[in-house]
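Below you'll find the structure, written out as structure tokens, and then a few comments.
Please treat every number below as a calculation from the coordinates, not as lab data. Owing to the predicted nature of the structure, the values given are computational and were not obtained by experimental measurement. When we count neighbours, we look across all protein chains shown, and the Cβ atoms used for this are built from the backbone with ideal geometry, even at glycine.
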Amino acid sequence: MVVATQMSPIRVEKIREIKIPTIDLSGKESQVSKLIVEACEGYGFFKVINHGVPHHIIQTMEDESFDFFRKPLSEKQRVGLTKPFGYGNKNIGLSGDTGELEYLLLQTNQNAIDHTSKLISNSPSKFSSTVSRYVEVVRGLACEILGVMAKGIGVPPSLFTTLLTDHDSDSLFRLNHYPIVTDTSSSSSFHHGNTPIGFGEHSDPQILTLLTSNGVPGLQISLGNGVWVPVNSDPEAFCVIVGDLLQVMTNGRFKSVRHRAMANTSSRECRLSMVFFGGPPPQTTITCPPQLLKLNKPPLYKPFTWAEYKSHTYAHRLGETRLDHFKLP
Ligand code: GA4
């Protein structure tokens, strides 16, 4: 299928069905680590199955999420959008991006979780314990994957994992709810062909993202040159997305993949995605460790702190290639 976008009629997009790497985490560690490294180099994206996250933890989080999004708009809006955290409807970020979704974006420290839970739930302790448990288990999975990845490229696992386990780690949790869009002509969001956008094209700024969804499709990853690959929504799997910081920390060896979610126009169910973004403490300097610098390949990026990168991110539009600003000449 070839679609010309409405905003830039010259750009031609191709949708291609390819097999996205699905890695069985219960396999032999050396084999798993080889497959993960290949996927990070080739796509910056893969799925994991047999990941050890109990089904009931995912299910309870999903049920709580749907309970929240089913509430009347006025109640959801009580959570407020404390720029950028809280409840958002169609507006994304601080620079005017829009999409066909509503969401809840939370910081993952206990105070933030407790605070939001009090605002949104009749049973705050249930909501807060569900989120805390989900985040802790998924953070654990992210660390496990980062550890195997680190071993695969010959650095100590702690070099990556401590960034997410530090008490000051700046990780986020996002619930995205994509309602069924029937009238595509009224959508104000950026159109691709006839399909409006749910969440526009971007790369994730953090280290590693873990996403699971409820079986309703929408996610697509970019292979570059206008080629997009739809990702099947498999509730049993987690999608693993390489973020910008991991691209810098591997000096470009791993790719932070551009991805997007199409609006939910063809399903009879709403799409829900639950997304953990693993980020380091704000003052962490992001740079490629000497062990990973190849003699024939000088550093691609100047060092920066995560706090600096975040302010740069929030000052720009969703679709920008933010790392360009930190490239060394
Ligand atoms: C993309 C990844 C995460 O969802 C997010 C997003 C953030 C937001 O929604 O507030 C941003 C976006 C994301 C990158 C560019 C800026 C910031 C919206 C936006 C326009 C929470 C994140 O960390 O960066």
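Report yes if residue 274 is within 15 Å of the ligand (Cβ to nearest atom) and in contact (Cβ under 8 Å) with a residue 12 or more places away in the chain, otherwise no. Here the answer is yes, as residue 274 does meet what is asked.
Restricting attention to the stretch 57-72, which residues are aromatic (Phe, Trp, Tyr) and either under 17 Å from the mean Cα position of the chain (by Cα) or within 12 Å of the ligand (Cβ to nearest atom) (or both)?
Of everything in the stretch 57-72, nothing turns out to be aromatic (Phe, Trp, Tyr) and either under 17 Å from the mean Cα position of the chain (by Cα) or within 12 Å of the ligand (Cβ to nearest atom) (or both).
For the stretch 259-270, check the following and say yes or no: at least one residue is in contact with a helix residue (DSSP H, G or I) (Cβ under 7 Å, 6 or more places away or on another chain) and crowded, with 20+ Cβ neighbours inside 10 Å. No; the residues of the stretch 259-270 include none that is in contact with a helix residue (DSSP H, G or I) (Cβ under 7 Å, 6 or more places away or on another chain) and crowded, with 20+ Cβ neighbours inside 10 Å. Once the stretch 307-327 is narrowed to residues that are free of Cβ contacts under 8 Å to residues at least 12 places away in the same chain and surrounded by fewer than 14 Cβ atoms within 10 Å (Cβ to Cβ), the residue that is nearest to residue 224 (Cα to Cα) is 324.
If you check residue 211 against the conditions, is it surrounded by 22 or more Cβ atoms within 10 Å (Cβ to Cβ) and hydrophobic (A, V, I, L, M, F, W, C)?
Working: surrounded by 22 or more Cβ atoms within 10 Å (Cβ to Cβ): yes; hydrophobic (A, V, I, L, M, F, W, C): yes.
So residue 211 fits the description; yes.
You will find that of 47, 19, the residue that is surrounded by fewer than 19 Cβ atoms within 10 Å (Cβ to Cβ) and more than 16 Å from the ligand (Cβ to nearest atom) is 19 and no other.
Assess whether residue 283 counts as being more than 18 Å from the chain's Cα centre (by Cα), outside any loop (DSSP other than H, G, I, E, B) and surrounded by fewer than 14 Cβ atoms within 10 Å (Cβ to Cβ).
No.
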